[in-house]
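Below you'll find the structure, written out as structure tokens, and then a few comments.
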Amino acid sequence: MKAFSITDVGVKRKINQDSIYCEENAVGNFQNLFIVADGLGGHNAGDYASRTCIDCVVEKIKESSRKTPVGCMEEAISYANGQIYRMAQEHIELEGMGTTFVGATLAGSSLYVANIGDSRLYIIDDKEIRQITEDHSLVEAMIRNGEIERREARFHPNKNIITRAIGTSRQVEPDFFEVEVKPGNLALLCSDGLSNMMEDEDMMYIIRRYNGDIEAAGKKLVEKANECGGRDNISLILIQF
């Protein structure tokens with residue numbers, strides 16, 4: 001397994017409120033750990049939320065005695081949520097802050113995934129790109145309710161409204177997934193600054209075009225997102241199994 005991570009402020013934003021963590025070696029009881037967090041809130045609040053989230057999650061995983069990946073991740077996310085929520089209550093300049101979260105760890109042939117918000121994890125093989133996570137967003141709810149078609153989602157005026165985030169309430173409920181991965185598969189974790197700028201198939205095409213050079217593919221994805229408007233911060237982690 002090898003991994004590559006990159007984050008970029010984009011074309012339109014002046015502050016990068018995304019944070020990433022990419023560790024191929026052991027973190028506590030995990031053999032590896034990968035996280036993308038996209039901060040929400042004015043000025044420095046979103047930046048603070050995403051960085052604090054990752055710091056808290058990593059800290060808790062390192063000291064956790066829980067044996068299962070899901071149990072350990074759930075404990076760490078709950079801790080991060082409490083810390084961010086408390087700071088938002090105590091400091092007026094941080095009021096309303098929060099962050100999305102998508103995290104993954106590989107154990108054997110199983111990839112354990114947690115997500116909150118609309119940052120995503122995809123699995124890519126020779127034939128297709130599959131979104132594993134489900135967005136916690138207003139637009140995704142509208143798709144499920146049959147109010148709009150999926151092809152309309154990228155350009156919907158409310159596409160940036162999320163319905164679940166770390167730090168915005170006293171408790172948070174992550175979604176968890178377990179995915180079997182095979183040699184040659186790739187995982188893509190990304191913020192919506194990437195996924196909102198291009199179709200899934202375009203991301204797959206770029207990744208496959210570089211034939212295993214995940215660093216070149218990751219940099220090209222950022223470049224392409226900026227060419228398509230770069231309306232948000234762009235962060236991604238590519239993992240090759």
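The values are calculated or read from the model by the stated rules, or taken from the named source; none is laboratory data. The shown structure was predicted, so the numbers you read here are calculated from the model rather than taken from an experiment. Note: ideal-geometry Cβ built from the backbone for every residue, glycine included; neighbour counts use all protein chains shown.
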ask   = Just one of Ile132, Ile77 is at pLDDT 95 or above, under 14 Å from the mean Cα position of the chain (by Cα) and under 19 Å from Leu40 (Cα atoms); which is it?
value = Ile77
inquiry  = I'm checking my understanding of the structure. Among residues of region 82-124 that are among the polar types (S, T, N, Q), outside any strand (DSSP E or B) and touching a Phe, Trp or Tyr at 6+ places or on another chain (Cβ under 9 Å), which one is farthest from Glu180 (Cα to Cα)?
reply    = Ser119
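A quick yes/no check of all residues on (1) over 28 Å from Ile84 (Cβ atoms); (2) in contact with a helix residue (DSSP H, G or I) (Cβ under 8 Å, 6 or more places away or on another chain):
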| site | (1), (2) |
| --- | --- |
| Ile161 | no, yes |
| Ser191 | no, no |
| Met197 | no, yes |
| Asp200 | yes, no |
| Gly218 | no, no |
note = In region 90-105, residues that are more than 20 Å from Val57 (Cα to Cα) and either without any contact (Cβ under 8 Å) to a residue 40 or more places away in the chain or touching a helix residue (DSSP H, G or I) at 6+ places or on another chain (Cβ under 6 Å) (or both) total 4
key: region 125-134, subset in contact (Cβ under 8 Å) with a residue 24 or more places away in the chain and outside any loop (DSSP other than H, G, I, E, B), residue nearest to Arg170 (Cα to Cα)   = Gln131
request  = Check off (1) farther than 23 Å from Leu106 by Cα; (2) without any contact (Cβ under 8 Å) to a residue 40 or more places away in the chain for Asn211 and give me the number that stays unchecked.
outcome  = (1)
task = Would you mention how many residues in region 30-45 are at pLDDT below 95 and either part of a strand (DSSP E or B) or buried (at least 16 other Cβ atoms within 10 Å of the Cβ) (or both)?
result = 3
